[in-house]
Every structure is written in structure tokens, then in C-alpha cells.
Amino acid sequence: MTAEQGMDLRRPEDSADLVVVRRRPVFPWILAGTAVALTVWFLFALATNPALDWSETAAYLFNRQVLHGVWVTVQLSVISAAIGIILGLVIALGRLSHNKVLRTLATGYIAVFRSVPALVQLLVWGNIGLVIRNVSLGIPFTDIGFFSMPTNELIGPFTASILGLALSESAYMAEVIRGGVLAVDKGQLEAASALGMTHMRTTRRIVLPQALRVIVPPMGNQFITLIKATSLVSVIAGGDLLTQVSNISAMSYRVVEMLGVAVFWYLVMVSIASIGQHYLERFLAKGVRE
């Protein structure tokens with residue numbers, strides 16, 4: 001009997017009958033179970049807390065005053081986002097410009113409005129009437145005037161809220177758009193230049209459509225952040241959701257219950273925005289998936 005006949009010299013990994021069983025990691029399941037258990041415990045503690053009357057929350061969920069606050073919040077979010085995107089596009093193009101003056105102005109704008117907190121900007125615009133009493137339009141150095149109005153009437157709480165949110169948002173949107181434009185392959189620009197296309201035409205027809213796929217995800221995140229940031233306008237009585245529930249809680253003395261109303265509606269608005277972002281990303285991704 002030879003050595004090959006007397007023993008199997010094959011290595012275990014060469015055996016066809018060897019079955020490798022991979023052990024699944026246990027730690028992620030333990031972590032997930034712990035998180036779920038803590039969440040259930042926290043919700044149960046809130047639901048059974050005798051100091052809280054959740055019937056008040058249910059009663060005010062669809063209150064006319066609360067729904068008005070929700071509508072104002074939606075308006076603030078959409079209008080501020082639209083202004084922020086348009087202004088951010090202009091600033092981003094200025095930042096990418098070969099003109100040193102435009103590039104310096106755009107960089108300075110972004111530096112200022114990203115450095116100052118949105119809350120501070122809202123307070124500045126909400127109290128601008130203390131510094132500028134009247135806003136007038138006329139011919140300088142003459143007595144001829146076409147328009148004059150007290151600043152507090154021209155820039156009310158809603159307008160001040162739009163200004164504060166939109167200007168702050170535009171600085172962030174400018175960087176988002178700039179990052180998307182820089183992500184476009186330079187070969188596309190060279191091909192457009194070889195075809196004799198102008199810089200503006202190249203930007204409008206080639207760069208921006210391709211950059212949109214890169215821009216949309218962070219832009220959607222910024223919009224969701226903006227929805228939540230509208231709660232800051234309550235410091236200048238902007239009429240938003242948090243302003244309305246705060247007014248109700250001041251009369252009913254049910255602060256936590258009214259905050260529950262606000263949490264419910266913020267969850268609804270953010271969920272709708274997240275679903276819209278998901279479908280928009282899927283639409284833009286058509287044709288680029290393998």
C-alpha cells in the first residue's frame with residue numbers, strides 16, 4: 001500500500017464535501033435590539049406619564065390655528081428654498097468665474113452668510129426697523145421722492161423670515177451647486193469648446209444638466225434642513241407652526257402636549273419632502289444605471 005493509498009493527502013480546503021459556515025456577527029443585532037427596547041420604553045413612559053394629557057395633543061392636531069402655522073411653514077420653506085437656489089446659482093457661477101472681482105464678491109458673500117447663524121440673521125431682519133426707520137425711493141440730493149414707507153410696515157415678520165432664511169440658504173446652496181459643477185468631466189467642456197459653443201451656452205446646455213444628478217441629493221437635504229430651520233422664526237413671531245403651538249401652550253399651559261403637535265407635523269412635512277427627493281433622484285438616475 002502506497003502512502004497515497006493509505007492516507008488522504010488533500011487539504012481540507014480542497015475537499016468538495018467541505019461546507020464553510022460563516023458566523024453572522026451578533027453585536028449589530030444586540031445593538032439594534034437594545035435601541036428598539038429603549039425606544040419602546042421611552043414611548044411607553046411618555047404615554048403613561050400622569051403629568052401629560054395626550055388628549056390635548058389629539059384635540060389640537062387639526063386645529064385651525066395649527067393648520068395655519070403648518071401652511072406658513074410650507075410657504076416659508078418653499079419660497080426661501082426657491083430664492084436660495086436662484087441666488088445660490090448666481091453666486092456659484094460667480095465663484096467659478098474667471099473674473100477676479102466676481103470671484104472675490106461671491107467668496108465674501110458665502111463667507112459672511114455661512115458664518116453668521118441663521119437665528120442671528122433672523123433677529124437682525126426682524127429688528128431692522130430699529131436702525132432704518134423709513135425706506136425711501138427718489139432722486140438723490142433732491143426733494144423728489146417716489147416712495148416712502150416705514151420699515152416695520154415694509155419688512156414685517158413674514159418678510160423678515162423669508163430674508164433671513166433665504167440669504168442663509170443661498171450661501172449653502174452656492175457651495176452645493178459649485179460642487180456639482182466641478183464634478184462634471186472637463187472633457188465635456190473641451191468638447192463643447194471644440195464645437196464653438198459659448199461659455200454661457202455650455203453652462204446651460206451641458207454642465208448644469210449633468211451637475212443636477214450630483215446636486216439634487218445635497219439640495220434635498222438642505223431643503224429638509226430648511227423645513228426644520230423655519231422653527232427659528234418663532235423668535236420674531238413669524239407665524240410658523242412653532243409660533244402657533246407656542247401661543248396655544250401659553251394659554252393652555254400644556255407645553256409638552258403642544259410640542260407633540262409640532263413634532264407630528266414636522267414629521268409629516270419632512271417625510272413628504274424625503275419621498276419627493278427619493279423619486280426625483282430615481283428620475284434623474286434613469287439612463288446612468290447599469
Practice prompt. Send over a whole-number figure in Å² for the accessible area per residue of the chain, probe 1.4 Å.
Written response: 67 Å²
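Divide, for region 65-126, the radius of gyration over alpha carbons by 2.2 N^0.38 Å, where N is the residue count.
1.45
Over the chain, what is the mean sequence separation of C-alpha contacts under 8 Å (at least six apart), divided by residue count, expressed as relative contact order in percent?
Worked out over the chain, it gives 24 percent.
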Worksheet item: Once the Cβ-Cβ distance between Lys186 and Ala111 is put in as r, and R0 is 22 Å, what FRET efficiency do you end up with, to the nearest 0.05?
Response: 0.25
Response to the item:
GNM of the chain, Cα pairs under 10 angstrom: of Ala81, Ala58, Ala37, the biggest fluctuation goes to Ala37
Practice prompt. Please determine, in degrees from 0 to 90 and to the nearest 10, the orientation of helix 64-96 with respect to the longest principal axis defined by the Cα atoms of the chain, where the helix direction is its Cα long axis.
Written response: 80 degrees
Worksheet item: Among 93-100, 182-189, what's the highest-first ranking by average C-beta atoms within 10 angstrom per residue?
Response: 93-100, 182-189
Worksheet entry | Full-stretch length increase - Leu46, Arg103 - with 0.36 nm per residue and alpha-carbon distance subtracted | 15.2 nm
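With N residues in the chain, what two-decimal value do you get for its Cα radius of gyration over 2.2 N^0.38 Å?
Details: Rg = 28.8 Å, N = 290, 2.2 N^0.38 = 19.0 Å.
For the chain, the normalised Cα radius of gyration is 1.52.
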Response to the item:
Placing one equal point scatterer on each C-alpha of region 182-223 and summing with Debye, one gets log10 I(q)/I(0) at q = 0.35 Å⁻¹ equal to -1.18
Worksheet item: Which residue, Glu190, Glu175, Glu56, tops the fluctuation ranking in a GNM of the chain built on C-alpha contacts under 10 Å?
Response: Glu190
Item to complete: Could you check how much of the accessible area of the chain is carbon and sulfur, as a whole percent, using a 1.4 Å probe?
Response: 66 percent
Worksheet item: If ligands, DNA and RNA are left out, what is the accessible area of Trp265 with a 1.4 Å probe, given in Å² to the nearest 10?
Response: 30 Å²
Discussion item. Running a GNM on the chain with Cα contacts under 10 Å, which residue among Arg114, Arg23, Arg201 ends up with the highest mean-square fluctuation?
Written reply: Arg23
Worksheet entry | In nm, spacing of pseudo-spin labels at Ala35 and Val135 (7 Å Cα→C-beta vector) | 4.7 nm
Worksheet item: Considering amide H positions built from the backbone, and no H for Pro or chain starts, which residues 5 or more places from Val135, or on another chain, come under 5 Å of its amide H?
Response: Met149, Thr151
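The values are calculated or read from the model by the stated rules, or taken from the named source; none is laboratory data. Here the structure is a predicted model, which is why all the values come from computation and not from measurement. Neighbour counts run over all protein chains shown; Cβ positions are idealised from the backbone, glycine included. Surface accessibility is based on the protein's heavy atoms, side chains included, excluding ligands, DNA and RNA. Shrake-Rupley method; radii C 1.70, N 1.55, O 1.52, S 1.80 Å.
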